[in-house]
Ligand code: SF4
């Protein structure tokens with residue numbers, strides 16, 4: 001099965017909607033909640049969320 005998303009920047013695999021790496025099904029993605037994710041994708045999304053929380057904590061510590 002192939003998939004095409006109008007938000008994907010061909011060549012860089014960057015999401016033009018989220019201004020970040022394309023990870024189908026991630027929070028903010030047009031597919032969020034609409035598709036079943038593989039274990040690998042769920043792990044990548046969980047890692048992404050962890051990194052986001054770390055950035056928020058670091059930002060909070062600076063103020
Ligand atoms: S993350 Fe989602 S919305 Fe963004 S390019 Fe990938 S599939 Fe499309």
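What follows draws every value from the coordinates through simple rules; no lab data is involved. Keep in mind the model is a prediction, meaning the values are calculated, not measured. Ideal geometry is used to build each Cβ from the backbone, glycine not excepted, and the neighbour counts take in all protein chains shown.
Any idea what angle helix 39-62 forms with the longest principal axis of the chain, computed on alpha-carbon atoms, 0 to 90 degrees, nearest 10? For 39-62 against the chain, the angle is about 30 degrees.
Report the extension gain between residue 32 and residue 20 in nm, rounded to one decimal, defined as 0.36 nm multiplied by the number of residues separating them, less their alpha carbon distance.
Answer, rounded to one decimal: 2.8 nm.
At q = 0.11, 0.25, 0.30 Å⁻¹, what is the base-10 log of I(q)/I(0) for the chain according to the Debye formula with one equal point scatterer per Cα and no solvent? Please give it to two decimals. The calculated log intensity ratios at q = 0.11, 0.25, 0.30 Å⁻¹ are -0.31, -1.12, -1.31.
Taking each residue as 0.36 nm, the span from residue 39 to residue 9 lengthens on full extension beyond its C-alpha to C-alpha distance by 8.4 nm.
Computed per residue of the chain from DSSP H runs no shorter than four, each worth -39500 (n - 2.57), the mean residue ellipticity at 222 nm is -13500 deg cm²/dmol.
Counting other beta carbons within 10 Å of each Cβ, put 44, 34 in order, fewest first.
Sorted ascending by nearby Cβ count, the order is 34, 44.
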